[in-house]
1. May I ask what percent, to the nearest 5, of DSSP beta bridges between residues of region 5-216 are antiparallel?
2. Name the residue from Val196, Ile105, Met24 whose Cα lies farthest towards the positive end of the charge dipole of the chain, charges +1 on Cβ of Lys and Arg and -1 on Cβ of Asp and Glu.
3. In deg cm²/dmol and to the nearest 500, what is the mean residue ellipticity at 222 nm of the chain if only DSSP H runs of at least 4 residues count, each as -39500 (n - 2.57), divided by the residue total?
4. Of Arg57, Arg75, how do they rank once you tally other Cβ atoms within 10 Å and put the fewest first?
5. Compute for region 69-191: radius of gyration divided by Kirkwood radius, i.e. Rg/Rh, restricted to C-alpha atoms, rounded to two decimals.
6. Can you compute the charge dipole magnitude of region 18-63 about its Cα centre, using +1 on each Lys and Arg Cβ and -1 on each Asp and Glu Cβ, nothing else charged? Give it in debye, rounded to the nearest 20.
7. Around Thr47, under 11 Å between beta carbons, what's the net of Lys plus Arg minus Asp minus Glu among the other residues?
8. May I ask for the net charge around His108, where only other residues with Cβ less than 14 Å from the Cβ of His108 are counted and Lys, Arg are +1 while Asp, Glu are -1?
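Nothing in this text is a laboratory measurement; each read-out follows from the coordinates by a stated rule. Because the structure is a prediction, the values reported are computed rather than measured. All Cβ positions, glycine included, derive from the backbone under ideal geometry; neighbour counts span all protein chains shown.
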Amino acid sequence: MENRIISPSLLAADFTNLQSEIEMLNKSDADWLHLDIMDGVFVPNITFGMPVIKQMRKHSDKIFDVHLMIVNPDRFVEDFAKAGADILVVHYEACTHLHRTIQLIKQHGMKAGVSLNPHTPVSVLSEVLADLDVVLIMSVNPGFGGQKFIENTYSKIKELAELKKVKGSNAIIEIDGGVNTEILPKLEKAGAQAFVAGSFVFNSSNPIETITDLKNC
């Protein structure tokens, strides 16, 4: 679909062949590249940081959709901007002063996003929704790839879409976790616009074809 955004998650890529994985994504219909940054504190896993993003940036012109699953994200906003992030998504649950964090992201020339864990209601974004470029709804618990999709996500998307209208927000609703060609059309019908897919893409026999399928299903 024309306005549907597909953002493959590099978390599921082959890290020993990262350059070739990125070059493969460059040739695909992927709109964004989703980069999951985990610190082992906010979530029970550790991934990669700024040096790796800097290297990735040399090999792709696609939009870097950087998802911070870390505590105290404010400390690193400038570093991620310098590393090449285009969109910087922080977790509501990790930010004491969320409005300040959003302004900081924008000051460094990036689009600002906020992610919500499965247990967090969309109503918490009511006061900042008009300032956001992206809202990322976690449809699995953050920290690991390959988890089962949480069914309550559909009602959360609908609620967020309604709240967007009330607040006059243009924020893109993005979904992360368990996305595949069967679930995606239902998510889109509920109001989602951007879709993160990791295992479904990278574990398939033909990732480029799978991304095209996600784009057109």
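1. Just about 5 percent of them are antiparallel.
2. Ile105
3. -9000 deg cm²/dmol
4. Arg75, Arg57
5. Working: Rg = 14.2 Å, Rh = 14.8 Å.
For region 69-191, the value is 0.96.
6. Numbers: 5 positive and 7 negative charges, 43 e Å.
Taking the Cα centre of region 18-63 as origin, the dipole is about 200 debye.
7. That works out to -2.
8. Net local charge, His108 excluded: 0.
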